[in-house]
Amino acid sequence: MNETAFLRHIAYDSVIFGFSGEKLKILIMKYHNTGLYALPGGFMQRDENLNDAVRRGLKERTGLENIYLEQFYTFGDVVRYKPEIMQMILEANGHNSEPYQWMLDRFISVAYYALINYNDVVPTPDALSDSCDWYDMDELPNLMLDHAEIVAKALQTLRENLERKLVGTNLLPPLFTLTELQKVYEAILGEKLHRGTFQRKILGLGLLQRHEKQFLGKAHKAPFLYSFGE
């Protein structure tokens, strides 16, 4: 990475949520020869908008465009400054850290969360990583620096947004059943919801469009399919 091409001291980290049908998952990178796990992140080019930089990074890691993205917090505590970790990552990949001194400086990280249809993603590691994989929200590896704190803050924000945004729009296919939507909410909230109460609340919002029933062999038991309105 050419030092002159990127802004110094500003980085971004992305908490990429996906839903497998049963569990909420997060995309995690594993750096080569270090045993370090981290959120996908990167730097902003000098002639690039911040949101565009994050979308570029997400496309590189997932292969997707037009991802729902929300900036939720900025992390800048002094304690997150640990240049020895980045030096370890560079040296583990055969790079002399001398030309990359700018990457060893203190960085403030702008955090985003993304909501993605799990089945559409082709996880792709970056040049410094061995893997980029989905991990269950309740079975995450130990994350480097303050990335566990970033994940916790992203999940808190996502839960708070449930009352004002139907986040399932990006975690489900275009057509879904109320049961599938309920599973998304339960995965995010980490608790079981009463079926009748949930369905009354969701339908009462008036934001779902009902479609033909999904045939499962017995017509009277076939659930209706729904989509989110504009």
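Read the figures in this text as sums done on the coordinates, not as results from a lab. Nothing here was measured: the structure is a model prediction, and the numbers come from that model. Here the Cβ is made from the backbone with ideal geometry for all residues, glycine too, and neighbour counts use every protein chain on show.
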The base-10 log of I(q)/I(0) that the Debye equation returns for the range 172-228 at q = 0.15, 0.19, 0.30 Å⁻¹, one scatterer per C-alpha, is -0.45, -0.72, -1.27
Taking R0 as 25 Å and r as the Cβ-Cβ distance between Y68 and T179, the FRET efficiency 1/(1 + (r/R0)^6), rounded to the nearest 0.05, comes to 0.65
Taking the convex hull of Cα positions in the chain, its mean projected area over all directions (nm²) = 14.0
Using just the helices of the chain, give the 222 nm mean residue ellipticity in deg cm²/dmol: DSSP H runs with n ≥ 4 each add -39,500 (n - 2.57), and the total is spread over all residues, rounded to 500.
-> -8000 deg cm²/dmol
Please report how far the C-alpha centroid of the range 81-139 lies from that of the range 186-211, rounded to the nearest whole angstrom.
-> 36
Can you tell me the dipole magnitude for the chain around its Cα centre, using point charges on the Cβ only (Lys, Arg +1; Asp, Glu -1), in Debye to the nearest 20?
-> 1220
Using amide H atoms built 1.01 Å from N in the peptide plane, name the residues 5+ places from H32, or on other chains, whose amide H lies under 5 Å from its own.
-> S129, D130
Hey, which of these cross-link pairs are over 31 Å Cα-Cα: K30/K153; K59/K165; K23/K82; K165/K192; K25/K213; K25/K82?
-> K23/K82
Determine, for M137, M29, M144, the number of other Cβ atoms within 10 Å of each Cβ, and report the residues in order from fewest to most.
-> M137, M144, M29
State, as an integer percentage, the relative contact order of the range 172-228 based on alpha-carbon contacts under 8 Å between residues 6 or more apart.
-> 42
Extension gain from R164 to Q199, taking 0.36 nm per residue of separation minus the Cα-Cα distance | 11.0 nm
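Once fully extended, how much extra length lies between I10 and L50, figured as 0.36 nm per residue of separation less the alpha-carbon to alpha-carbon distance? Write out the running numbers ahead of the final one.
Working: separation 40, 0.36 × 40 = 14.40 nm, distance 0.96 nm.
Going from the current span to full extension adds 13.4 nm.
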Ordered by fewest other Cβ atoms within 10 Å, a rough proxy for footprinting exposure, Y226, Y185 read Y185, Y226
Find the relative contact order for the range 3-161 and round it to a whole percent, using C-alpha pairs within less than 8 Å whose residues are 6+ positions apart.
-> 37
Those trypsin sites (Lys or Arg not before Pro) in the range 162-206 that DSSP places in a loop and that have at most 15 other beta carbons within 10 Å | R164, K165, K192
